[in-house]
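Enquirer: One structure coming up, written as structure tokens, with questions to follow.
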Amino acid sequence: MDKLTEVLQQKFGHTSFRDGQKEILEQIIAGKDVMAVLPTGMGKSLLYQLPAYLLEGTVLIVSPLLSLMQDQVEQLKMLGEKRVVAINSFLAYEQREQAFRQLSSYKFIFTSPEMLQNEGFNTLLSTMRIAYIVADEAHCISQWGFDFRPDYLRISTWLQTLHRPNVLALTATATKEVVNDIKTTLRMKEPFEYIHSIDRPTIAFEVREVEDQQEKLAWLFGRITTTNGPGILYTQSRKKAQFYAEQLRNKGISVAYYHAKMDQEDRILVQQQFQRGELEWICATNAFGMGIHKHNIRQIIHDHIPTSIANYMQEVGRAARDGGHSIASLIYTNSDVEQAFFVSMQDFPEEADIRLVFQTEQQQVQLPETTSRILTYWKEVLSEQQTIQLFTDIKQKKWLEIQRLHTLFRNEKCVREQLLNYFGETFIEKPAQCCSVCELDLQQVLIPRGQENEEKVLPNWSTRLNELLH
């Protein structure tokens with residue numbers, strides 16, 4: 001038995017690797033940079049956890065969300081690993097100082113891109129032996145990606161301060177453009193690339209255009225109150241998430257809402273309740289989802305045109321981790337395309353904002369937090385005119401992508417095939433339940449409310465751990 005398989009069995013309780021895992025692990029251990037695109041449920045956590053037990057030094061994992069970090073820390077602790085810590089803004093000052101004093105004793109350090117700008121933290125890291133660096137949910141690095149956070153772009157400069165260990169970039173979906181952004185920002189040197197198909201044959205795609213918001217509401221409430229979950233209803237505003245949750249609760253559905261403006265403790269609680277099966281539905285903005293390890297999500301519903309195809313596939317990919325049939329339903333009105341563009345652009349600066357920031361002291365300009373953060377970064381690296389041109393290009397690109405999405409959902413071509421083509425994949429085999437344009441028998445996918453759903457039975461801890469890590 002080779003060393004990789006031996007550690008797989010001893011530490012993680014598995015007897016074999018999934019497709020691509022062993023090839024990726026061999027490259028990490030060999031000291032190569034690795035760019036890995038693997039769909040949700042393909043065992044990305046194992047890829048950065050297992051090599052740590054075959055290499056000297058600490059593994060540094062850069063992760064985008066506090067709740068995601070905490071979840072990953074808990075996963076490792078459940079495996080018996082005590083040398084793990086999350087360093088982020090959620091820690092109280094005393095806790096952070098204690099963690100800093102013990103930093104060299106940890107095998108796994110999770111942190112946020114913002115913490116990488118902390119001088120004291122960086123000084124400590126520079127004295128340690130770093131086995132390799134992990135960029136988790138690496139699509140966030142791309143300026144066209146899930147969440148425009150300038151501190152992700154600063155990673156490129158930050159990497160120069162370390163003795164350049166190899167880098168592992170992990171994500172579930174990425175176009176060729178985003179992959180190139182990731183490789184450039186992380187200063188990857190001839191990385192080994194493993195790009196798995198994003199196709200999930202057990203997820204059927206359903207698209208429906210309705211006349212107005214009233215018809216949309218009737219459809220949403222009708223679907224959720226007559227069929228089994230678990231499910232996630234994605235919407236674009238915090239108000240709508242709360243409204244949907246309240247209405248569905250009044251109709252007897254076990255549901256909660258989730259959005260980025262909730263207290264951190266409340267968000268973690270809702271996430272845990274959903275994962276434990278105490279809630280059947282979540283009504284959420286796109287803040288919900290990364291790091292959700294729930295094996296039996298049966299429905300993903302969008303009440304809008306998404307702001308990007310990559311975002312949409314990330315959200316849809318949270319269904320059917322157990323291999324059972326699930327459905328991704330998108331319900332929209334013709335006016336939703338303009339709303340999608342507005343939502344995608346609301347945090348980005350207008351030309352007047354850019355000129356004001358470049359010509360005035362930053363602290364004297366009152367702008368939304370995200371807008372201010374974006375401009376603070378670009379003021380450091382570009383001129384005023386270059387920044388104006390950058391955001392003109394971003395807006396044009398966003399508008400074209402949303403138009404493309406709108407066209408994709410409205411035409412008479414196979415939804416699955418178009419989504420795969422967007423990511424440069426060729427459609428090979430059509431599943432029995434493909435999409436509402438091709439073949440889709442809802443009775444084969446949806447289970448009427450009140451009927452037993454075998455997947456809804458909570459598995460034992462051994463099975464749940466297996467799903468989390470493999």
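Enquirer: Is it true that residue 261 is among the charged types (D, E, K, R) and within 21 Å of residue 66 (Cα to Cα)? I'd like the intermediate steps shown before the answer.
Expert: Numbers: among the charged types (D, E, K, R): yes; within 21 Å of residue 66 (Cα to Cα): yes.
The answer is yes for residue 261.
Enquirer: I've got another one for you. Among the residues of segment 9-37 satisfying the criterion of being within 21 Å of residue 73 (Cβ to Cβ) and of a type in the set (A, V, I, L, M, F, W, C), which is modelled with the highest pLDDT?
Expert: 28
Enquirer: A further question on this structure: Please determine, by comparing only the residues of segment 302-323 that are of a type in the set (Val, Ile, Thr) and in contact with a helix residue (DSSP H, G or I) (Cβ under 7 Å, 6 or more places away or on another chain), which one is nearest to residue 395 (Cα to Cα). I'd like the intermediate steps shown before the answer.
Expert: First pass over segment 302-323, keeping only residues of a type in the set (Val, Ile, Thr): 305, 307, 309, 316.
So of that shortlist, the ones also in contact with a helix residue (DSSP H, G or I) (Cβ under 7 Å, 6 or more places away or on another chain) come out as 305, 307, 309.
Numbers: 305: 17, 307: 12, 309: 16 Å.
Filtering segment 302-323 for residues that are of a type in the set (Val, Ile, Thr) and in contact with a helix residue (DSSP H, G or I) (Cβ under 7 Å, 6 or more places away or on another chain), the one nearest to residue 395 (Cα to Cα) comes out as 307.
Enquirer: So for segment 121-133 (the condition being closer than 22 Å to residue 374 by Cβ, out of contact with any His (no Cβ under 7 Å at 6 or more places or on another chain), assigned by TED's automatic domain parsing to the domain that holds residue 29 and assigned to a strand (DSSP E or B)), does at least one residue qualify? Break it down into steps so the answer makes sense when it comes.
Expert: Step one: filter segment 121-133 for residues closer than 22 Å to residue 374 by Cβ, giving none.
Checking segment 121-133: not a single residue is closer than 22 Å to residue 374 by Cβ, out of contact with any His (no Cβ under 7 Å at 6 or more places or on another chain), assigned by TED's automatic domain parsing to the domain that holds residue 29 and assigned to a strand (DSSP E or B).
Enquirer: It is to be established whether one or more residues within segment 173-183 are among the hydroxyl-bearing types (Ser, Thr, Tyr), assigned to a helix (DSSP H, G or I) and over 24 Å from residue 55 (Cα atoms). Steps first, answer last, please.
Expert: Initially, segment 173-183 is screened for residues among the hydroxyl-bearing types (Ser, Thr, Tyr), giving 173, 175.
Cutting the leftovers down to assigned to a helix (DSSP H, G or I) gives us none.
No, segment 173-183 has no match at all.
Enquirer: Out of (1) of a type in the set (S, T, N, Q); (2) within 30 Å of residue 447 (Cβ to Cβ); (3) touching an Asp or Glu at 6+ places or on another chain (Cβ under 6 Å), the odd one out for residue 370 is which?
Expert: So the condition that residue 370 fails would be (2).
Enquirer: Follow-up. Residues of segment 66-102 being in contact (Cβ under 8 Å) with a residue 12 or more places away in the chain, farther than 26 Å from residue 10 by Cα and among the aliphatic types (A, V, I, L, M), which ones?
Expert: 66, 87, 99 - these are the residues of segment 66-102 that are in contact (Cβ under 8 Å) with a residue 12 or more places away in the chain, farther than 26 Å from residue 10 by Cα and among the aliphatic types (A, V, I, L, M).
This table checks each residue for (1) touching a residue at least 24 places away in the same chain (Cβ under 8 Å); (2) surrounded by fewer than 16 Cβ atoms within 10 Å (Cβ to Cβ); (3) out of contact with any helix residue (DSSP H, G or I) (no Cβ under 7 Å at 6 or more places or on another chain).
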site: 27; (1), (2), (3): yes, no, yes
site: 52; (1), (2), (3): yes, no, yes
site: 56; (1), (2), (3): yes, yes, yes
site: 64; (1), (2), (3): yes, no, no
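Enquirer: Which residues, counting only those in segment 216-244, are surrounded by fewer than 14 Cβ atoms within 10 Å (Cβ to Cβ) and either among the aromatic types (Phe, Trp, Tyr) or closer than 30 Å to residue 444 by Cβ (or both)?
Expert: The answer is 218, 222, 225, 226.
Enquirer: Looking at 271, 247 in this structure, which one is within 18 Å of residue 319 (Cα to Cα), out of contact with any Asp or Glu (no Cβ under 7 Å at 6 or more places or on another chain) and either polar (S, T, N, Q) or surrounded by fewer than 20 Cβ atoms within 10 Å (Cβ to Cβ) (or both)?
Expert: Working: 247 fails: within 18 Å of residue 319 (Cα to Cα).
Just one listed residue meets the conditions, 271.
Enquirer: Tally the residues that are in a loop (DSSP other than H, G, I, E, B) and among the basic types (Lys, Arg), restricting the search to segment 240-289. Break it down stepwise before answering.
Expert: From segment 240-289, those in a loop (DSSP other than H, G, I, E, B) are 251-254, 259-263, 276-280, 285-289; that's our starting set.
Applying the additional criterion that residues be among the basic types (Lys, Arg) yields 251, 261, 276.
Within segment 240-289, residues that are in a loop (DSSP other than H, G, I, E, B) and among the basic types (Lys, Arg) number 3.
Enquirer: Which one of 188, 262 is free of Cβ contacts under 8 Å to residues at least 60 places away in the same chain, surrounded by 15 or more Cβ atoms within 10 Å (Cβ to Cβ) and under 22 Å from the mean Cα position of the chain (by Cα)?
Expert: 262
Enquirer: Considering only segment 306-340, state which residues are assigned to a loop (DSSP other than H, G, I, E, B), buried (at least 22 other Cβ atoms within 10 Å of the Cβ) and touching a His at 6+ places or on another chain (Cβ under 6 Å).
Expert: Once the filter is applied, which keeps residues that are assigned to a loop (DSSP other than H, G, I, E, B), buried (at least 22 other Cβ atoms within 10 Å of the Cβ) and touching a His at 6+ places or on another chain (Cβ under 6 Å), segment 306-340 yields only 321.
The values are calculated or read from the model by the stated rules, or taken from the named source; none is laboratory data. As the structure is a computational prediction, the values presented were derived from the model and not from experiment. Note that each Cβ is placed from the backbone with ideal geometry, even for glycine, and that neighbours are counted across all protein chains shown.
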